[in-house]
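Visitor: Here's a structure for you.
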Amino acid sequence: MVIELIQQNPKISIIVMALAVSFFVSLVNYFVLDKDKMQEIKNRQKAIQNEMKQHKDNPQKVMELQKEMFSHVGESFKHSFKPMLITLIPILLIFAFLRKEFIATSIAKTWIWYYIGVSIVGSMIFRKLFKLP
């Protein structure tokens with residue numbers, strides 16, 4: 001049934017699949033990610049960037065601030081690693097399925113671009129809806 005739908009309406013199918021995957025990733029992030037901690041890190045990074053602009057004439061202070069910025073980047077990565085691990089295998093399986101099924105459609109050479117475009121827009125929408133940082 002799904003395969004027939006993909007063959008008959010490949011553009012609509014890739015749009016639906018991209019939105020579904022974006023929704024899944026956002027949902028996992030919503031339940032697994034420590035949103036308060038991520039927001040705190042993001043706010044601190046913005047503050048550091050502003051400080052760096054103010055001290056652009058003082059290279060030593062800028063280097064100090066860059067070190068602090070890098071520590072926050074590492075911490076941010078550490079917090080987002082768990083949701084990434086949870087979503088990685090399902091996404092790899094979905095991509096294997098999509099590649100196999102869309103190779104025989106009219107959008108065989110461009111399906112990935114449809115997927116990327118829709119998933120970027122979908123992710124932005126779902127991040128706003130779930131109030132993710």
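The values are calculated or read from the model by the stated rules, or taken from the named source; none is laboratory data. Only a predicted model underlies this, so the values are computations on that prediction, with no experimental measurement involved. Please note: Cβ atoms are built from the backbone with ideal geometry, for glycine as well, and neighbour counts cover all protein chains shown.
Visitor: Answer yes or no: is there a residue in the range 67-77 that is in contact (Cβ under 8 Å) with a residue 12 or more places away in the chain, hydroxyl-bearing (Ser, Thr, Tyr) and either surrounded by fewer than 16 Cβ atoms within 10 Å (Cβ to Cβ) or touching a Phe, Trp or Tyr at 6+ places or on another chain (Cβ under 7 Å) (or both).
Guide: No: the range 67-77 contains no residue that is in contact (Cβ under 8 Å) with a residue 12 or more places away in the chain, hydroxyl-bearing (Ser, Thr, Tyr) and either surrounded by fewer than 16 Cβ atoms within 10 Å (Cβ to Cβ) or touching a Phe, Trp or Tyr at 6+ places or on another chain (Cβ under 7 Å) (or both).
Visitor: List every residue pair whose Cβ atoms lie under 7 Å apart, where the two residues are 6 or more positions apart in sequence or sit on different chains, the first residue falls within the range 28-54 and is touching a residue at least 24 places away in the same chain (Cβ under 8 Å) and assigned to a helix (DSSP H, G or I), and the second residue, located anywhere, is surrounded by 13 or more Cβ atoms within 10 Å (Cβ to Cβ) and of a type in the set (S, T, N, Q).
Guide: Close Cβ pairs satisfying both conditions: VAL28/THR87; MET38/SER76; ILE41/SER76.
Visitor: Taking PHE102 as the residue in question, decide whether it is of a type in the set (Phe, Trp, Tyr), without any contact (Cβ under 8 Å) to a residue 12 or more places away in the chain and surrounded by 11 or more Cβ atoms within 10 Å (Cβ to Cβ).
Guide: Spelling it out, it is not the case that PHE102 is of a type in the set (Phe, Trp, Tyr), without any contact (Cβ under 8 Å) to a residue 12 or more places away in the chain and surrounded by 11 or more Cβ atoms within 10 Å (Cβ to Cβ).
Visitor: If GLU64 satisfies all but one of (1) farther than 18 Å from TRP113 by Cα; (2) surrounded by 17 or more Cβ atoms within 10 Å (Cβ to Cβ), what's the number of the condition it fails?
Guide: Tallying (1) farther than 18 Å from TRP113 by Cα; (2) surrounded by 17 or more Cβ atoms within 10 Å (Cβ to Cβ), GLU64 fails exactly one: (2).
Visitor: Starting from residues that are in a helix (DSSP H, G or I) and out of contact with any helix residue (DSSP H, G or I) (no Cβ under 8 Å at 6 or more places or on another chain), keep the ones in the range 101-115 and report whichever is nearest to ILE6 (Cα to Cα).
Guide: If we take residues in the range 101-115 being in a helix (DSSP H, G or I) and out of contact with any helix residue (DSSP H, G or I) (no Cβ under 8 Å at 6 or more places or on another chain), then ILE112 is nearest to ILE6 (Cα to Cα).
Visitor: Another one. Sort out which residues of the range 1-48 are modelled with pLDDT of 95 or more, within 17 Å of MET124 (Cβ to Cβ) and surrounded by fewer than 16 Cβ atoms within 10 Å (Cβ to Cβ), and write them in order of number.
Guide: ALA20, LEU27
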